[in-house]
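Asks: Pasting a structure below so you can have a look.
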Amino acid sequence: MSARRAASSLLSRRLIARPPAVSSASDSAPLGAGSARGLLPGAIHRFSAAPAAPPPIQPPVEVKYTKLLINGNFVDAASGRTFPTVDPRTGEVIARVAEGDAEDINRAVAAARRAFDEGPWPRMTAYERCRVLLRFADLIEQHAEEIATLETWDGGKTLEQTSGKEVPMVARSMRYYAGWADKIHGLVVPADGPHHVQVLHEPIGVAGQVIPWNFPLLMFAWKVGPALACGNTVVLKTAEQTPLSALFVANLLHEAGLPEGVLNVVSGFGPTAGAALSSHMGVDKLAFTGSTGTGKIVLELAARSNLKPVTLELGGKSPFIVMDDADVDQAVELAHRALFFNQGQCCCAGSRTFVHERVYDEFVEKAKARALQRVVGDPFRRGVEQGPQIDGEQFKKILRYVKSGVESGATLVAGGDRAGSRGFYIQPTVFADVEDEMTIAQDEIFGPVQSILKFSTVEEVVRRANATPYGLAAGVFTRRLDAANTLARALRVGTVWVNCYDVFDAAIPFGGYKMSGVGREKGFYSLRNYLQTKAVVTPVKDAAWL
């Protein structure tokens, strides 16, 4: 029993949970170096006087879908229970959402199984499936403003990010996979004898998918797109922190002509809905995005049930390497974006900034200045660069890491406190003089905390950058092609961005080495996750050729 409780508790970190609240702040300047040492253990301090923040903007959108989507219909949870989804700007409840559990997962898997075994979706021509996905992409664009507003309201992302980047990327991803639907084909291979050999690529069946709270829309597209293009059916569990956008776009997919039961969406918590989906004997394949700790549990549950294959996109502690020949101003800006994008809540955030000793001091001063200029506030306001963290749990965890950094001897040069008095806002924080053994240089903080480390040689930085259990991504900033090529090949990560960062294209595979995951998402490689390979061998008599 105690082992199961421990597993449930771990599972609740990403497959799951969201606590109460505090609220928004565009009004507080980040903490300066002079007050860094004034942090007291366990305390939250205000270091600057600031005018009262304006009231949060009321989003001009109606929450239409809060129930579970099972077999083409929005239905209550079998238990009748609901849970609140909270506005991270204020801690106030946006809506109550149906709380699915094991019984609802059973209903959803049964619907998906019927749709796969008996329904039209896998029996349609690939071109017909393509057209449904293309219509879905059109509908996303038609409802772009509404979708972006929901995503900002529920998750705290800036509206400029959701409307300008994420919603267009979702439409582009769906068109990309629509294009693949009628280009998935098998092979005819020669055999050493009179046999005709076909290699077929078949849909795998019912795919269980668990998406995270930091990019719910994009992860919906990255997972649902390839699964449907290959002819599968899906049971998708949303993160309970951010269920609203997935429910909305799932309804649009049905408007586009998706048959009932092909896509089922269950909102709920990890120990109940997440664990039930991971261990369900009727699920043929599982895909999960979240923490490494939870990913291990998902993998174990899948193995202990029906040994279903699992794709995992997990945590990271990605190095961003600035060489001595770099344009420091450009490097500072790119490193800033690599870390602070999405409030630092990004699995591939450039959270270990390695800077060559020759430009280190200049870089630190300019990184401090850039952090102090970063605009934190209501994500619906134009010009705001950073909204609130997702919830109170994440907010408190980040501040504990800040405290750890100070106590371990790193130099806090900017930030280090909450921003404002309301909501889950944190000041953009920069640490200098960070050493590899410090917790802030080892753990995935998942927040707006930049750690700047010093290095001397390429050999040294390769060794230190690779000295982590993670291997998701890396950034390299240099003018020398030889240095870029050396680092790109030496770094043990799934993606290396050279003189750029966070370039996500539908065709570029994404995934990690080591404990950052198993398999790849996006691009041609993601299709492999949702296909079975079958060899069909037939004797050939009196063949004119072999």
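Asks: Where residues in region 285-299 are out of contact with any helix residue (DSSP H, G or I) (no Cβ under 7 Å at 6 or more places or on another chain) and buried (at least 23 other Cβ atoms within 10 Å of the Cβ), which of them is nearest to Pro216 (Cα to Cα)?
Replies: My answer is Gly290.
Asks: Scan region 51-96 for residues that are among the basic types (Lys, Arg), over 20 Å from Ala250 (Cβ atoms) and part of a strand (DSSP E or B) and jot them down.
Replies: Within region 51-96, none qualify.
Residue-wise test of (1) closer than 25 Å to Ala227 by Cα; (2) out of contact with any Pro (no Cβ under 6 Å at 6 or more places or on another chain).
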{"position": "Arg129", "(1), (2)": "yes, yes"}
{"position": "His143", "(1), (2)": "yes, yes"}
{"position": "Ala148", "(1), (2)": "yes, yes"}
{"position": "Thr152", "(1), (2)": "no, no"}
{"position": "Glu160", "(1), (2)": "no, yes"}
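Asks: Out of region 219-235, which residues are touching a Lys or Arg at 6+ places or on another chain (Cβ under 9 Å) and farther than 18 Å from Leu531 by Cα?
Replies: Scanning region 219-235 gives no hits.
Asks: When the residues of region 326-335 are narrowed to those that are in contact (Cβ under 8 Å) with a residue 40 or more places away in the chain and crowded, with 23+ Cβ neighbours inside 10 Å, which ends up nearest to His356 (Cα to Cα)?
Replies: The selected residue is Ala326.
Asks: What's the number of the condition Ala137 fails, among (1) crowded, with 20+ Cβ neighbours inside 10 Å; (2) under 22 Å from Ser267 (Cα atoms); (3) of a type in the set (A, V, I, L, M); (4) in contact with a Ser or Thr (Cβ under 9 Å, 6 or more places away or on another chain)?
Replies: (2)
Asks: Inspect all residues belonging to region 476-485 and state whether any of them is touching a residue at least 60 places away in the same chain (Cβ under 8 Å), within 18 Å of the chain's Cα centre (by Cα) and in a loop (DSSP other than H, G, I, E, B).
Replies: Looking for residues that are touching a residue at least 60 places away in the same chain (Cβ under 8 Å), within 18 Å of the chain's Cα centre (by Cα) and in a loop (DSSP other than H, G, I, E, B), one finds none in region 476-485, hence no.
Asks: I would also like to ask the following. Yes or no: region 451-465 includes at least one residue that is open to solvent by 10 Å² or more (accessible area, probe 1.4 Å) and within 24 Å of the chain's Cα centre (by Cα).
Replies: No - not one qualifying residue is present in region 451-465.
Asks: Filter region 165-220 down to the residues that are of a type in the set (Gly, Ala, Ser) and surrounded by fewer than 24 Cβ atoms within 10 Å (Cβ to Cβ), then identify the one that is nearest to the chain's Cα centre (by Cα).
Replies: Result: Ala171.
Asks: Could I ask something else about it? Return the residues of region 404-444 that are in contact (Cβ under 8 Å) with a residue 60 or more places away in the chain, in a loop (DSSP other than H, G, I, E, B) and open to solvent by 10 Å² or more (accessible area, probe 1.4 Å); say none if nothing qualifies.
Replies: Hits for region 404-444 are Ser421, Arg422, Asp443, Glu444.
Asks: Condition test on Ala273, is it part of a helix (DSSP H, G or I), under 21 Å from the mean Cα position of the chain (by Cα) and of a type in the set (A, V, I, L, M, F, W, C)?
Replies: yes
Asks: Taking the options Lys368, Lys397, name whichever one is over 25 Å from Ala331 (Cβ atoms) and open to solvent by 10 Å² or more (accessible area, probe 1.4 Å).
Replies: The match here is Lys397.
For every residue, the table says whether it meets (1) among the hydroxyl-bearing types (Ser, Thr, Tyr); (2) surrounded by fewer than 23 Cβ atoms within 10 Å (Cβ to Cβ); (3) within 25 Å of Asp182 (Cβ to Cβ).
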{"residue": "Cys230", "(1), (2), (3)": "no, no, yes"}
{"residue": "Ala246", "(1), (2), (3)": "no, no, no"}
{"residue": "Leu252", "(1), (2), (3)": "no, yes, yes"}
{"residue": "Ala256", "(1), (2), (3)": "no, yes, yes"}
{"residue": "Gly261", "(1), (2), (3)": "no, no, yes"}
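Asks: Sticking with this structure for a sec: Just one of Asp324, Asp329 is outside any strand (DSSP E or B) and either outside the structural domain of Asp378 (by the TED database) or in contact with a strand residue (DSSP E or B) (Cβ under 8 Å, 6 or more places away or on another chain) (or both); which is it?
Replies: It is Asp324.
The values are calculated or read from the model by the stated rules, or taken from the named source; none is laboratory data. All values reported here derive from a predicted model rather than from experimental measurement. A quick note on method: Cβ atoms are made from the backbone with ideal geometry, for glycine too, and the neighbour counts reach across all protein chains shown. Keep in mind that these areas ignore ligands, DNA and RNA; they rest on the heavy atoms of the full protein, side chains included. Shrake-Rupley method; radii C 1.70, N 1.55, O 1.52, S 1.80 Å.
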